[in-house]
Amino acid sequence: MILANAFCLFFFLDETLRSLASPSSLQGSELHGWRPPVDCVRANELCAAESNCSSRYRTLRQCLAGRDRNTMLANKECQAALEVLQESPLYDCRCKRAMKKELQCLQIYWSIHLGLTEGGEFYEASPYEPVTSRLSDIFRLASIFSGTGADPVVSAKSNHCLDAAKACNLNDNCKKLRSSYISICNREISSTERCNRRKCHKALRQFFDRVPSEYTYRMLFCSCQDQACAERRRQTILPSCSYEDKEKPNCLDLRTLCRIDHLCRSRLADFHANCRASYRTLTSCPADNYQACLGSYAGMIGFDMTPNYVDSSPTGIVVSPWCNCRGSGNQEEECEKFLRDFTENPCLRNAIQAFGNGTDVNMSPKGPSFPATQAPRVEKTPSLPDDLSDSTSLGTSVITTCTSIQEQGLKANNSKELSMCFTELTTNISPGSKKVIKLYSGSSRARLSTALVLPLLMLILAL
């Protein structure tokens with residue numbers, strides 16, 4: 001009798017634990033009202049298929065046209081439309097960077113969320129889906145390229161930024177898009193206009209959105225031991241066209257200009273969301289995610305808010321948009337705070353140095369603790385051709401017109417980046433393998449059930 005009861009109890013508990021461990025149990029009453037997020041283009045389609053939602057959405061768009069938030073909310077019909085849409089898929093929708101309909105997706109997102117905010121927030125929520133992957137295989141790939149674990153003498157003499165340019169030339173897509181933005185950003189328009197910045201920015205966006213990060217990160221965040229390498233890193237985005245200007249605008253004015261454009265506004269919000277310094281984490285990055293910060297930084301290149309290294313110092317990493325805080329008036333404190341998110345950002349600095357060193361927070365027992373070195377500015381020096389040894393000094397004798405530009409018959413200007421040429425290599429680079437671990441496998445649930453039920457069975461038998 002005891003054994004029969006024990007068997008029944010064992011069967012009942014096993015089935016109960018199986019149901020609790022099953023993902024389907026998460027669809028119960030405890031998650032009532034929860035909606036899985038969808039991209040805003042799909043959310044708009046779902047809203048359009050429902051008459052109440054679609055009519056309220058049209059009303060809200062009319063309310064936002066030419067009105068500030070306070071004026072809009074003073075209208076009861078506008079406020080009612082906003083309240084209805086907060087219960088629709090549009091409220092929780094997000095976008096993916098470089099998705100096919102990214103601009104349309106972002107326009108839909110801001111059409112809702114601009115009505116939910118005061119309009120003058122220092123930090124805005126990111127419209128992009130959060131980065132959950134660490135992509136530590138990219139960091140391991142970087143450690144191979146940067147010489148981690150190799151002979152320290154050999155590694156110290158290597159120009160990792162030169163190696164990154166050569167690696168890009170081994171990939172057809174990377175080589176093609178890099179060659180494109182170099183030629184566009186170096187093309188002189190007239191004696192008074194050195195380049196077409198708008199076209200240069202577009203070509204840069206295409207490069208960083210379409211080329212895998214294992215190539216783009218290596219060019220942007222390569223570690224350097226000397227000034228020649230650091231200058232090549234600074235010249236990666238062709239700063240004389242894409243970054244520098246005759247005068248530096250006020251940073252708050254530049255931010256206002258950026259926020260007029262949905263793409264620029266979204267990339268800036270994403271940078272703040274993923275790179276804003278956090279003193280509650282080991283690395284000073286939100287959720288200790290270096291990958292999210294580096295991706296957000298790269299995502300801003302090719303816009304008015306384009307950041308870059310301020311000098312070619314190999315010992316100190318300082319980046320900034322092309323702006324300052326002169327003329328801020330009573331907003332000087334806010335302006336300085338905005339600028340410090342670039343120039344004195346421990347999360348961004350740690351992420352750049354960690355990638356250059358080939359390490360990740362999950363791969364090292366301690367978080368990095370790099371000092372924020374403010375290196376003295378040095379005179380700008382010309383970029384190096386890809387086949388130039390890192391031991392070569394930065395002299396004017398190495399400055400030559402890029403062969404690829406001459407072959408295309410393009411007119412190169414007199415900028416310091418026109419000598420960036422390509423070198424073909426014969427080595428092969430194989431990316432690191434990616435492993436997917438299933439957290440809720442059937443066998444793990446069975447082990448969970450057995451581990452909990454067996455002690456109870458033994459207790460019953462003992463009775």
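The values are calculated or read from the model by the stated rules, or taken from the named source; none is laboratory data. This structure is a prediction, so every number in the text was calculated from the model and none was measured. Don't worry about glycine lacking a Cβ; one is built from the backbone with ideal geometry, like all the others, and counts go over all protein chains shown. Note: areas computed on protein heavy atoms with side chains; ligands, DNA, RNA excluded. Shrake-Rupley method; radii C 1.70, N 1.55, O 1.52, S 1.80 Å.
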Inset, instruction - Return yes or no: is LEU294 surrounded by 24 or more Cβ atoms within 10 Å (Cβ to Cβ), touching a residue at least 60 places away in the same chain (Cβ under 8 Å) and under 19 Å from the mean Cα position of the chain (by Cα)? - result: yes
Inset, instruction - List every residue pair whose Cβ atoms lie under 9 Å apart, where the two residues are 6 or more positions apart in sequence or sit on different chains, the first residue falls within segment 187-200 and is more than 14 Å from TYR243 (Cβ to Cβ), and the second residue, located anywhere, is among the polar types (S, T, N, Q) and open to solvent by 90 Å² or more (accessible area, probe 1.4 Å). - result: GLU188/ASN414
Inset, instruction - Would you be able to tell me the number of residues in segment 67-85 that are at pLDDT 75 or above and of a type in the set (Asp, Glu)? - result: 2
Inset, instruction - Evaluate segment 284-300: report whether one residue or more is at pLDDT 95 or above, assigned to a loop (DSSP other than H, G, I, E, B) and touching a strand residue (DSSP E or B) at 6+ places or on another chain (Cβ under 9 Å). - result: yes
Inset, instruction - Just need a number here: residues in segment 214-237 that are buried (at least 20 other Cβ atoms within 10 Å of the Cβ) and not in a helix (DSSP H, G or I). - result: 4
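Name the residues in segment 101-118 that are at pLDDT below 90 and more than 16 Å from ALA269 (Cα to Cα), would you? Lay out the reasoning, then the answer.
Going residue by residue through segment 101-118, those that are at pLDDT below 90 are 111-118.
Within segment 101-118, GLY115 is the sole residue that qualifies.
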Legend entry - Lone qualifier among SER266, SER240, SER183 - being touching a Lys or Arg at 6+ places or on another chain (Cβ under 8 Å), part of a helix (DSSP H, G or I) and small (Gly, Ala, Ser): SER240
